[in-house]
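Trainee: To start, I am sharing the structure in question, which I have written as C-alpha cells.
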Amino acid sequence: MKKFNISGPCNSAEHYMIDAATRLQGVEELIDDKQYFVIHAARQSGKTTYLKDLANRLNAGGKYYTLWCSLEGMSNIVEPKTGIPAIVRTLKSAFEDMDIPHGSDFAKDADYEDFTGVLKTSLKRFCKLLDKPLVILFDEVDCLSEGTLISFLRQLRDGYNGRPEQVFVHSVALVGMLNIRDYKARVRPESATLGSASPFNIVTKTYTLQNFTKEEITQLYRQHTNETGQAFEEDAIELVYEQTQGQPWLVNVIAREVIMEILKSDYTKPVTAELVTQAIQNIILVRPAHIDSLLERLNEERVRKVMEPIILGEGFIDIESDDFLYAKDLGLIRTDDHDGRIKPSNPIYTEVIVRKLSSIVQKELQNTKYPYQIARYLKNGRIDMDYLMRDFQQFWCENSAIWKEKFDYKEAAPHLIMMAFLQRVANGGGQIIRDIASGTGRLDICLIYENRKYPIELKIRYGDKYLEKGLTQIAGYMDIFGCDEGWMVIFDRRKTVKWADKLYIKKETVDGKTVTIVGA
C-alpha cells in the first residue's frame, strides 16, 4: 500500500504523488535549446522528485544522456582546492551508477592538483566519448560555499562559452533552495564585484516549483481514497489548503499524521476538519526536522530584516531587495494575491515562527510562580479580559526591560512578549488566531474560548494619530469575527514617559462597538 511521503524524493510505486512532469512547464524546451538554467524552491517542495523524474523521461526519450547529481555532501567544503576535486569525484560516482556509456571512464586520469580546471577538463573529455549530448541536473547546488561555488560556476561558464567549437555539456540545471542572485549575495558584499567574467552570467532562465493548488491536494488525497476507501471530507481538504497554502511537505505530513498517528490506519473513518486541526496542533508542538531547519533561518540577520516588519506590521520592505527575495526563496514568506501584503507563507508557519521567536518568554511563563492560566480569568463561562489585561500590564511593567534585551527581534519584542503571555493563557483550553502581515500598522490576534471570540490588536505608539487609526482598525477586525467588543494594546516605548502614565485602561465606543484601550 502506498504512503504519504514526508522524507526524501517520491516515487510512484511507493508514494501518493502529483505527476512531477506537470509541475514545471518549458524546461525540456530550454534543454533542447542547449541552455543552462536554475530551478529553485524551498526545502521539501519536490525538487528532487521532479529532477529524478525529468532525468528518467529524458533518458527514455533517447535524445540525451541525462545525469542527476546531488552536491549535498559538499556543504562543509570551502576551499576550491578541496571542493572541486570532491565535486569531480561525486560526478564520477554518479556516472558509474548510471547506465551511461563510458561512465567508468569519467575523470579516469584527472589531474586533481589542477583544481581550477579539472571539472571543465573532465566534462569536456567525457562529452567527446558520447554519441549523444549530455545533460546534467545538479541538485543541492546551494550546499556549495564561497570559493568552491565560484570555481564550480566559472568552470561551467568556460565550458559553456567554448561551445560549439569545443564539445561540452549540452545543458545544465542548477537546483537548490536559492536563486542565482542569492549565491551572489552570499559570496560577496553588495558593493563588491566579481568582474565582467562573472561566473553567474551563464544562467538564461530561472524556474521555481509552485505549491500545490487546492485541486492538486484533492487529487493527491483522492489517490488514497481510491486505494483504501477512506474519504477526505470537503471541509477537511479546504482546511488543509487554507492552513498550508499548498506547501507539499505540510500537505503530506498532515494526511500522514491523521491517518497513521491519530486514526491508527483505521480506514473506515473519514478524515474530517476536526482531525486535521488536531494533526496540525500535533505537528506544531512536535516541530519535525523540516520545520526546525526552516526556523533556524530566523537567526540570520537578513531574514530578521524582513520578518520583523511583518510581525510589527510597520516599516518598509523593499520587495526588490536581495533580503526579501532570499526570505521568499527559503519559503518563509509570500505576497498575498488579494491585497499584496507580505506575510508568513502559511498559517502553520505563522504559528511556529511566533512560538520560536517568543520561546524565551514562553519557557519562563511555564514556571509555576506565574498564575496566568485561563481558569484564573473565567467569570460566568467567559474570559474577564479586563482582568487579563491588568495582569499583563503588571507583567509588562515588571519584566519588559529584562525580556526585551533577550530578543534578537528587539523592535518586535513587545508583540512577541504579549503573544507569549496570551499563549500561556490559551494553553488552558483556548485557541489563538494570528493575522501577521506587513503594511497594516498593527498585529491582530483573536483569542477564542468556548466558541467566544476576543479580538485584540497590538500597536506601537507612533505619531499623533495612532489612536484614531487604531480604533478604525480594531473596529474592522471586530467586524470580521462578528464581535461587539474588542481590545487594543498600545505599547508606549518613549523613555521619557513614566510607567504611571503608560499604564491605563479606558473604554471607547466606535460604531456602536466597545473598544477597551490598554496602555503598556
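Trainee: Do the conditions hold for K356, that is, is it free of Cβ contacts under 8 Å to residues at least 60 places away in the same chain, part of a helix (DSSP H, G or I) and among the basic types (K, R)?
Mentor: Numbers: free of Cβ contacts under 8 Å to residues at least 60 places away in the same chain: no; part of a helix (DSSP H, G or I): yes; among the basic types (K, R): yes.
Taking the combined requirement at face value, the residue does not satisfy it.
Trainee: Further question on the same structure: Could you check, for segment 162-177, whether at least one of its residues is modelled with pLDDT under 90, open to solvent by less than 20 Å² (accessible area, probe 1.4 Å), closer than 20 Å to S75 by Cβ and in a helix (DSSP H, G or I)?
Mentor: No, segment 162-177 has no match at all.
Trainee: Please verify whether segment 27-46 includes one or more residues that are in contact (Cβ under 8 Å) with a residue 60 or more places away in the chain, hydroxyl-bearing (S, T, Y) and in contact with a Pro (Cβ under 7 Å, 6 or more places away or on another chain).
Mentor: Yes: segment 27-46 contains one or more residues that are in contact (Cβ under 8 Å) with a residue 60 or more places away in the chain, hydroxyl-bearing (S, T, Y) and in contact with a Pro (Cβ under 7 Å, 6 or more places away or on another chain).
Trainee: Now for a different question. Which one of the conditions (1) in a helix (DSSP H, G or I); (2) more than 20 Å from S151 (Cβ to Cβ) does G8 fail to meet, given that it meets all the rest?
Mentor: (1)
Trainee: Keeping to segment 429-449, report how many residues are of a type in the set (A, V, I, L, M, F, W, C) and outside any strand (DSSP E or B). It would help to see each step written out before you state the result.
Mentor: Pass one, segment 429-449, residues of a type in the set (A, V, I, L, M, F, W, C): 432-433, 436-437, 443, 445-448.
Within this subset, residues satisfying the condition of being outside any strand (DSSP E or B) are 436-437.
The total comes to 2.
Trainee: Let me ask you something else. Exactly one condition in (1) among the charged types (D, E, K, R); (2) touching an Asp or Glu at 6+ places or on another chain (Cβ under 8 Å); (3) under 16 Å from E351 (Cβ atoms) is false for R424; which is it?
Mentor: (2)
Trainee: Give, as residue ranges, the helices (runs of 4 or more DSSP H) completely inside segment 233-292 that count at least 1 residues that are touching a Ser or Thr at 6+ places or on another chain (Cβ under 8 Å) and touching a residue at least 60 places away in the same chain (Cβ under 8 Å).
Mentor: 248-256
Trainee: Hey, another quick one. Tell me, please, whether a residue that is surrounded by fewer than 17 Cβ atoms within 10 Å (Cβ to Cβ) and more than 29 Å from the chain's Cα centre (by Cα) can be found in segment 143-157. Give the steps one after another, and end with the answer.
Mentor: Filtering segment 143-157 for residues surrounded by fewer than 17 Cβ atoms within 10 Å (Cβ to Cβ) gives 146.
Pick out the ones that are also more than 29 Å from the chain's Cα centre (by Cα) and you get none.
No, every residue in segment 143-157 fails to be surrounded by fewer than 17 Cβ atoms within 10 Å (Cβ to Cβ) and more than 29 Å from the chain's Cα centre (by Cα).
Trainee: Checking the conditions here, which among L209, L263 is under 29 Å from E28 (Cβ atoms) and among the aliphatic types (A, V, I, L, M)? Quick ask: steps written out before the conclusion?
Mentor: Details: L263 fails: under 29 Å from E28 (Cβ atoms).
The match here is L209.
Trainee: Residues of segment 1-16 being open to solvent by 30 Å² or more (accessible area, probe 1.4 Å) and either in contact with a Gly (Cβ under 6 Å, 6 or more places away or on another chain) or over 16 Å from F138 (Cβ atoms) (or both), which ones?
Mentor: Residues satisfying the conditions are M1, K2, K3, I6, S7, G8, C10, N11, S12, A13, E14.
Trainee: Would you confirm, using the coordinates I've provided, whether I348 is part of a helix (DSSP H, G or I) and touching a helix residue (DSSP H, G or I) at 6+ places or on another chain (Cβ under 6 Å)? Break it down stepwise before answering.
Mentor: Values: part of a helix (DSSP H, G or I): yes; touching a helix residue (DSSP H, G or I) at 6+ places or on another chain (Cβ under 6 Å): yes.
Spelling it out, I348 is indeed part of a helix (DSSP H, G or I) and touching a helix residue (DSSP H, G or I) at 6+ places or on another chain (Cβ under 6 Å).
Trainee: Could you grab me the full set of residues in segment 220-257 that are under 25 Å from the mean Cα position of the chain (by Cα), open to solvent by less than 30 Å² (accessible area, probe 1.4 Å) and farther than 20 Å from A289 by Cβ? Walk me through it before giving the result.
Mentor: Narrowing segment 220-257 to residues under 25 Å from the mean Cα position of the chain (by Cα): 220-221, 235-257.
Among the residues that remain, those that are also open to solvent by less than 30 Å² (accessible area, probe 1.4 Å) are: 220-221, 236-237, 240, 244, 246-255.
Of everything in segment 220-257, those that are under 25 Å from the mean Cα position of the chain (by Cα), open to solvent by less than 30 Å² (accessible area, probe 1.4 Å) and farther than 20 Å from A289 by Cβ turn out to be L220, Y221, A236, I237, V240, G246.
Trainee: Taking the residues in segment 311-345 that are in a helix (DSSP H, G or I) and of a type outside the set (A, V, I, L, M) as candidates, determine which candidate is surrounded by the fewest Cβ atoms within 10 Å (Cβ to Cβ). Walk me through how you get there before you give the answer.
Mentor: Of all residues in segment 311-345, those in a helix (DSSP H, G or I) come to 311-312, 322-329.
If we keep only those that are of a type outside the set (A, V, I, L, M) too, we end up with 322-324, 326, 328-329.
On the way: D322: 16, D323: 19, F324: 18, Y326: 24, K328: 19, D329: 20.
Of everything passing the filter in segment 311-345, D322 is surrounded by the fewest Cβ atoms within 10 Å (Cβ to Cβ).
Trainee: Kindly establish whether T90 is of a type in the set (S, T, N, Q) and at pLDDT 95 or above. Break it down stepwise before answering.
Mentor: Numbers: of a type in the set (S, T, N, Q): yes; at pLDDT 95 or above: yes.
Answer is yes for this residue.
Trainee: Looking only at residues in segment 126-142 that are in a loop (DSSP other than H, G, I, E, B) and either under 36 Å from the mean Cα position of the chain (by Cα) or without any contact (Cβ under 8 Å) to a residue 40 or more places away in the chain (or both), which one is nearest to V172 (Cα to Cα)?
Mentor: Applying the first criterion (in a loop (DSSP other than H, G, I, E, B)) to segment 126-142 yields 130-133, 140.
Checking the rest, the ones that are also either under 36 Å from the mean Cα position of the chain (by Cα) or without any contact (Cβ under 8 Å) to a residue 40 or more places away in the chain (or both) come to 131, 140.
Details: D131: 18, E140: 13 Å.
That would be E140.
Trainee: Determine which member of the set K269, K264 is surrounded by 14 or more Cβ atoms within 10 Å (Cβ to Cβ) and over 17 Å from I348 (Cβ atoms).
Mentor: Values: K264 fails: surrounded by 14 or more Cβ atoms within 10 Å (Cβ to Cβ).
On inspection, the qualifying residue turns out to be K269.
Trainee: Separate question: If I filter segment 178-201 for residues that are touching a strand residue (DSSP E or B) at 6+ places or on another chain (Cβ under 6 Å), open to solvent by 20 Å² or more (accessible area, probe 1.4 Å) and either at pLDDT 90 or above or of a type in the set (D, E) (or both), do I get at least one hit?
Mentor: For segment 178-201, residues touching a strand residue (DSSP E or B) at 6+ places or on another chain (Cβ under 6 Å), open to solvent by 20 Å² or more (accessible area, probe 1.4 Å) and either at pLDDT 90 or above or of a type in the set (D, E) (or both): absent.
Trainee: Please find, among S265, S321, S345, the residue that is of a type in the set (S, T, Y), on the phi < 0 side of the Ramachandran plot and more than 17 Å from the chain's Cα centre (by Cα). Full working, then the answer.
Mentor: Working: S265 fails: on the phi < 0 side of the Ramachandran plot; S345 fails: more than 17 Å from the chain's Cα centre (by Cα).
Going through S265, S321, S345 in turn, the sole match is S321.
Trainee: Only one of (1) in contact with a Gly (Cβ under 9 Å, 6 or more places away or on another chain); (2) in a loop (DSSP other than H, G, I, E, B) is not met by E308, so which one is it?
Mentor: (2)
Trainee: So which of L30, L91, L67, L51 is within 23 Å of the chain's Cα centre (by Cα) and among the hydrophobic types (A, V, I, L, M, F, W, C)? Lay out the reasoning, then the answer.
Mentor: On the way: L30 fails: within 23 Å of the chain's Cα centre (by Cα); L91 fails: within 23 Å of the chain's Cα centre (by Cα); L67 fails: within 23 Å of the chain's Cα centre (by Cα).
Being within 23 Å of the chain's Cα centre (by Cα) and among the hydrophobic types (A, V, I, L, M, F, W, C) holds for just one of L30, L91, L67, L51, which is L51.
Trainee: Count, please, the residues in segment 374-407 that happen to be surrounded by fewer than 17 Cβ atoms within 10 Å (Cβ to Cβ) and among the aromatic types (F, W, Y).
Mentor: Here the count works out to 1.
The values are calculated or read from the model by the stated rules, or taken from the named source; none is laboratory data. Everything quoted here is computed from the prediction, not taken from an experiment. Because the Cβ atoms are built from the backbone with ideal geometry, glycine has one as well, and the counts that use them run over all protein chains shown. Heads up: the accessible areas ignore ligands, DNA and RNA and are worked out on the full protein's heavy atoms, side chains in. Shrake-Rupley method; radii C 1.70, N 1.55, O 1.52, S 1.80 Å.
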